[in-house]
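The values are calculated or read from the model by the stated rules, or taken from the named source; none is laboratory data. Note that this is a predicted model, so its numbers are computed, not measured. Every residue, glycine among them, receives a Cβ derived from its backbone with ideal geometry; neighbour counts consider all protein chains shown.
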Amino acid sequence: MSNKPHHIAIVMDGNGRWAEAQGKNRTFGHEKGAETVRAITTYCAGHKEIERLTLYAFSTENWKRPKIEVEFLMKLLERYLKNEKTTYLNGNIRFEPIGDLSIFSKSLRKVIDDVQNATQSCNGLTQCLALNYGGRDEIVRAANALHERAQTITVDSLQAILDCPHDVDLLIRTGGDQRLSNFLLWQAAYAELFFTKTLWPEFNADELESIIKKFKTVERRFGGLN
Ligand code: FPP
């Protein structure tokens, strides 16, 4: 039996280095990175075993970046969601955000809501964007929500109330670093981790396919003995 990559999560790292290597602004790398988001999402939507693709688009720590880069990323996200609404609908792709969205501008929240509502009944791939997302923040918000409802904290009750209650099967990080950077800390408990030196703007469906091929051959024991 081979593993099924039902839930793939990706830390999309390397946009800035990719742009700087060509003497361009970091924002150019984010722009190209958005094209990779579209290409990888389209590939996953056409792969019958992939149900969910979660992408780390903006972390709770990314606010520390220069204002000009943060503002660019906010505008890029808004533009991407507006422009890609038809791609989601034509591809039967459901869009879901995770993270604390309360901090975003009214106009960005409106577009997020609009695409989420419009794609609610799509039942192909779910593309989930992690926006102002941090694994620790997600767990703390979930624990507080249980506390407010006077519910007992158990593994099941806490998992059910997370922004993303779905375990990750395959977690990929591009850009050469080998760390989680506060991404899906709970959900990655038994994920298979793959790291590639490829910078996100240069990542493509062929490389994803070869990672999935390797993932399928790994023996997953989930703490037991096979
Ligand atoms: C990390 O690369 C990337 C980010 C913090 C932002 C990710 C954004 C995109 C992929 C594009 C926009 C996304 C969507 C969904 C439209 P980095 O800037 O840290 O690169 P570096 O490590 O080379 O500096």
Report, ordered by the first and then the second residue, all pairs with beta carbons closer than 6 Å, sequence separation of six or more or different chains, a first member in region 59-74 that is farther than 14 Å from Gly33 by Cβ and among the small types (Gly, Ala, Ser), and a second member that is at pLDDT below 95 and in a helix (DSSP H, G or I). none
For Ile172: the one exception among (1) hydrophobic (A, V, I, L, M, F, W, C); (2) surrounded by fewer than 20 Cβ atoms within 10 Å (Cβ to Cβ); (3) modelled with pLDDT of 95 or more: (2)
Pick out the one residue from Thr60, Thr87 that is within 15 Å of the ligand (Cβ to nearest atom) and closer than 25 Å to Ala191 by Cβ. Thr60
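Any idea which residue in region 11-23 is farthest from the ligand (Cβ to nearest atom), counting only those that are closer than 18 Å to Glu61 by Cα and touching a residue at least 40 places away in the same chain (Cβ under 8 Å)? Give the derivation first.
So in region 11-23, the residues closer than 18 Å to Glu61 by Cα come out as 11-16.
Among the residues that remain, those that are also touching a residue at least 40 places away in the same chain (Cβ under 8 Å) are: 11-15.
Numbers: Val11: 8, Met12: 4, Asp13: 5, Gly14: 4, Asn15: 4 Å.
Ranking the candidates gives Val11 first.
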When region 162-214 is examined, which residues are found to be under 13 Å from the mean Cα position of the chain (by Cα) and in a strand (DSSP E or B)? Leu170, Leu171, Ile172, Arg173
Taking first residues from region 24-42 that are near the ligand (Cβ under 8 Å from one of its atoms) and second residues anywhere that are of a type in the set (Phe, Trp, Tyr) and not in a helix (DSSP H, G or I), the pairs with Cβ under 7 Å that are 6 or more apart or on different chains are Thr36/Phe203
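Does Ala45 fit the bill of being touching a residue at least 40 places away in the same chain (Cβ under 8 Å), over 15 Å from Ala130 (Cβ atoms) and either touching a helix residue (DSSP H, G or I) at 6+ places or on another chain (Cβ under 9 Å) or of a type outside the set (Ser, Thr, Tyr) (or both)? Outline the logic, then answer.
Working: touching a residue at least 40 places away in the same chain (Cβ under 8 Å): yes; over 15 Å from Ala130 (Cβ atoms): yes; either touching a helix residue (DSSP H, G or I) at 6+ places or on another chain (Cβ under 9 Å) or of a type outside the set (Ser, Thr, Tyr) (or both): yes.
For Ala45, the condition - touching a residue at least 40 places away in the same chain (Cβ under 8 Å), over 15 Å from Ala130 (Cβ atoms) and either touching a helix residue (DSSP H, G or I) at 6+ places or on another chain (Cβ under 9 Å) or of a type outside the set (Ser, Thr, Tyr) (or both) - is met.
So which of Leu55, Leu81 ends up being crowded, with 17+ Cβ neighbours inside 10 Å and more than 26 Å from Lys197 (Cβ to Cβ)?
Working: Leu55 fails: more than 26 Å from Lys197 (Cβ to Cβ).
Just a single option satisfies the conditions, and that option is Leu81.
Does Thr152 count as at negative phi, within 16 Å of the ligand (Cβ to nearest atom) and β-branched (Val, Ile, Thr)? Let's see the steps before the verdict.
Working: at negative phi: yes; within 16 Å of the ligand (Cβ to nearest atom): no; β-branched (Val, Ile, Thr): yes.
Here the answer is no, as Thr152 does not meet what is asked.
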